[in-house]
Amino acid sequence: MERRPKRNTDEKEEAPLVVVERPSVIPVDFLHSGSTMLNLALSNKGAKGGWARGRVVNPVGHGAAGKTLTALELAAWCFYNILGSTSHNFPKVTKSEIIYNNVEGVMDFPVDMMYGKRFYEEVILNSIRTGTIEAFARDFFRRLKDLKSGHFLLYIIDTWDALDTEAEYEEFADSIKKNKPLEGSFNLGKQAFASKRFFKTLCSEIEGTDGNVNKDCTLMIVSQTRQKIGVTFGERNYRAGGDALNFYTHQVPWLRESEKLKQTSLGEKFVNGVSVHANVKRNKTALPFREAKFDILFNKGIDDVTSMIKWIWGPEAKVVEFDGKNFAPKPRYENLVEYVERNDLEGELVRLSEEKWWKIERTISPNRKRRYPD
């Protein structure tokens, strides 16, 4: 830990500098989100950051915020990178399983072109669909119980909002059959099941009840935003799920579309993507309320290179200097993006992105005397 030297023995010792990018312990490992900027907001790490591994994470957003693509980016990264990898808290991965529980049953965009034919065939074509929260819980815990040392499980539920309880499903089906209105408190059974049964069991099972400590299982729960009607102050949007999701999740980024990305061809402008704004409202693995922006291109997925360039040089740059050359920032840094990808310089952009992020974190960190010794 760096400290400023004393000027002399009569002067008061200045507060130590906190080097935020070099933690002394590694309490959690991370899985790459596909976006360096989202990694930094989630974990304060760029290349080695991202979603908390072995935890419950919960991206939240409305219908056009890129929630499903954000989930697919994590699944694709794990599919191509996790097998054979090592980490601080888990043994070397000898077997991996990626389960996409597509509750909503919609996956119409070209996943094979975006993430590869093998990923499409082995993950998406083998995705499951459980209509009730009890069926999801049975499937999830069966896989979790079977997890051995060296085995990795990523389980994605998309979305939590599309799940009903078995009782509610039967009640709804019966109301259709009898042409009668629903009775009782519809959809509150899911909250009770999640709070009293699912998440409490999850805590003990993921820690390992068979002698294995910290099973290598990451659960991603995708949530939709809902809007409060008649609210004139405070937050209008909320996430369904009750206190259970608030208490047991480790990272909760709220995603929203900040702008549509357009490209001109033959004199016509077409929307070819969206820019996503992420606000990490809950975080147990790094400082909360960190925000990031990243681009998602249709038929491609997260555009990490352009997102980093926008962060490093900003929207007002007239000329961008990189690798000893000058590039025009418009339109959308296309010449610089092409240069970076052609010369495999993505790592240098990651370094510059981390450097700027950590500089800001150091600047805003309280320069105060330590309350306790090292």
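Can you confirm whether region 45-63 contains a residue that is within 10 Å of the chain's Cα centre (by Cα), modelled with pLDDT of 95 or more and in a helix (DSSP H, G or I)?
no
Of everything in region 264-312, what is in contact (Cβ under 8 Å) with a residue 24 or more places away in the chain, among the hydroxyl-bearing types (Ser, Thr, Tyr) and surrounded by 15 or more Cβ atoms within 10 Å (Cβ to Cβ)? Give them in sequence order.
Answer for region 264-312, where residues must be in contact (Cβ under 8 Å) with a residue 24 or more places away in the chain, among the hydroxyl-bearing types (Ser, Thr, Tyr) and surrounded by 15 or more Cβ atoms within 10 Å (Cβ to Cβ): 285, 306, 307.
Of the numbered conditions (1) in contact with an Asp or Glu (Cβ under 8 Å, 6 or more places away or on another chain); (2) part of a loop (DSSP other than H, G, I, E, B); (3) at pLDDT below 75, residue 214 satisfies every one except a single condition; which is it?
Against the list (1) in contact with an Asp or Glu (Cβ under 8 Å, 6 or more places away or on another chain); (2) part of a loop (DSSP other than H, G, I, E, B); (3) at pLDDT below 75, residue 214 comes up short only on (3).
Looking at (1) in a loop (DSSP other than H, G, I, E, B); (2) at pLDDT below 95; (3) under 25 Å from residue 306 (Cβ atoms); (4) polar (S, T, N, Q), find the lone condition where residue 24 falls short.
Single failed check for residue 24: (3).
Only one of 146, 108, 112 is touching a helix residue (DSSP H, G or I) at 6+ places or on another chain (Cβ under 6 Å) and surrounded by fewer than 16 Cβ atoms within 10 Å (Cβ to Cβ); which?
112
Go through region 276-326 residue by residue and tally those that are hydrophobic (A, V, I, L, M, F, W, C) and under 30 Å from residue 249 (Cα atoms).
15
Among the residues of region 264-280, which ones are modelled with pLDDT under 95 and under 21 Å from residue 31 (Cβ atoms)?
none
Could you list all residues from region 314-362 that are free of Cβ contacts under 8 Å to residues at least 60 places away in the same chain, buried (at least 18 other Cβ atoms within 10 Å of the Cβ) and either among the aromatic types (Phe, Trp, Tyr) or in a loop (DSSP other than H, G, I, E, B) (or both)?
The answer is 322, 327, 329, 333.
Exactly one condition in (1) modelled with pLDDT under 95; (2) touching a Lys or Arg at 6+ places or on another chain (Cβ under 8 Å); (3) over 22 Å from residue 239 (Cα atoms) is false for residue 103; which is it?
Answer for residue 103: the failing condition is (3).
Residue by residue, here is whether (1) modelled with pLDDT of 85 or more; (2) surrounded by fewer than 17 Cβ atoms within 10 Å (Cβ to Cβ); (3) assigned to a strand (DSSP E or B) holds:
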{"residue": "193", "(1), (2), (3)": "no, no, no"}
{"residue": "210", "(1), (2), (3)": "no, yes, no"}
{"residue": "225", "(1), (2), (3)": "no, no, yes"}
{"residue": "230", "(1), (2), (3)": "no, yes, no"}
{"residue": "238", "(1), (2), (3)": "no, yes, yes"}
{"residue": "262", "(1), (2), (3)": "yes, yes, yes"}
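With the requirement that a residue be without any contact (Cβ under 8 Å) to a residue 60 or more places away in the chain, part of a loop (DSSP other than H, G, I, E, B) and among the β-branched types (Val, Ile, Thr), what does region 81-118 give you?
Of everything in region 81-118, those that are without any contact (Cβ under 8 Å) to a residue 60 or more places away in the chain, part of a loop (DSSP other than H, G, I, E, B) and among the β-branched types (Val, Ile, Thr) turn out to be 86, 94, 106.
The values are calculated or read from the model by the stated rules, or taken from the named source; none is laboratory data. Computed from a prediction, not measured in an experiment: that's the story for all the values here. So basically every Cβ, Gly included, is an ideal-geometry build from the backbone, and we count neighbours across all protein chains shown.
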